[in-house]
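A quick write-up on the structure given underneath.
The values are calculated or read from the model by the stated rules, or taken from the named source; none is laboratory data. The structure presented is a predicted model; accordingly, all values stated were derived computationally and were not measured. Neighbour counts run over all protein chains shown; Cβ positions are idealised from the backbone, glycine included. Heavy atoms of the whole protein, side chains included, go into the accessibility calculation; ligands, DNA and RNA do not. Shrake-Rupley method; radii C 1.70, N 1.55, O 1.52, S 1.80 Å.
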Amino acid sequence: LNFFNDPPTPIIQPLRLETAQTEKRLWIVRGDLIDHRVSGNKWLQLKYNLLLAADKGHDVLSFGGPWSNHIHALAAAGQQLNVNTIGIIRGAWRRKPTPMLQDAVG
């Protein structure tokens, strides 16, 4: 998936609910299926800043905790868009980064 040339859109799936009296239809936005690393509402939160940064050649800086999937998603989307991302990690210093941060750096 190339976020710049083909920005992801949430997948909308129907969910069928049958009751004794009537059939109801419900449509669910599946943001979790956008991308395996930039999933849920993360792409929707990051998209405009990242696309603008890619267009202007700017870096993107954001804050998150050591287990932050926001930082994880930011790094993944930045990599896809060739945008330099900087994550400021809140909390106490850790000798060994969490798996989320290890993946964000890698």
Among the residues of the stretch 54-68, what is the count of those that are under 21 Å from residue 93 (Cβ atoms) and either open to solvent by less than 90 Å² (accessible area, probe 1.4 Å) or in contact with a Ser or Thr (Cβ under 6 Å, 6 or more places away or on another chain) (or both)? 6
Taking interchain pairs and intrachain pairs at least six residues apart, which have beta carbon atoms under 6 angstrom, with the first residue in the stretch 23-35 and surrounded by 10 or more Cβ atoms within 10 Å (Cβ to Cβ) and the second aromatic (Phe, Trp, Tyr)? 34/43
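Among the candidates 40, 78, 31, which residue alone is of a type outside the set (A, V, I, L, M, F, W, C) and on the phi > 0 side of the Ramachandran plot? Steps first, please.
Values: 78 fails: on the phi > 0 side of the Ramachandran plot; 31 fails: on the phi > 0 side of the Ramachandran plot.
From the options 40, 78, 31, the qualifying one is 40.
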When the residues of the stretch 1-24 are narrowed to those that are over 26 Å from residue 68 (Cβ atoms), in a strand (DSSP E or B) and among the aliphatic types (A, V, I, L, M), which ends up modelled with the lowest pLDDT? 17
Condition (residue is aliphatic (A, V, I, L, M), under 15 Å from residue 81 (Cβ atoms) and at pLDDT 80 or above) applied to the stretch 25-39: is it met by at least one residue? yes
Look at the stretch 70-93 and say how many of its residues are open to solvent by 30 Å² or more (accessible area, probe 1.4 Å) and either assigned to a helix (DSSP H, G or I) or β-branched (Val, Ile, Thr) (or both). 7
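Please verify whether residue 44 is surrounded by fewer than 20 Cβ atoms within 10 Å (Cβ to Cβ), more than 16 Å from residue 104 (Cβ to Cβ), modelled with pLDDT of 85 or more and under 16 Å from the mean Cα position of the chain (by Cα), treating the condition exactly as stated.
On the way: surrounded by fewer than 20 Cβ atoms within 10 Å (Cβ to Cβ): yes; more than 16 Å from residue 104 (Cβ to Cβ): yes; modelled with pLDDT of 85 or more: no; under 16 Å from the mean Cα position of the chain (by Cα): yes.
Considered against the rule, which asks whether it is surrounded by fewer than 20 Cβ atoms within 10 Å (Cβ to Cβ), more than 16 Å from residue 104 (Cβ to Cβ), modelled with pLDDT of 85 or more and under 16 Å from the mean Cα position of the chain (by Cα), residue 44 comes out as no.
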The condition of being open to solvent by less than 30 Å² (accessible area, probe 1.4 Å), hydrophobic (A, V, I, L, M, F, W, C) and assigned to a helix (DSSP H, G or I) holds, among 101, 51, only for 101
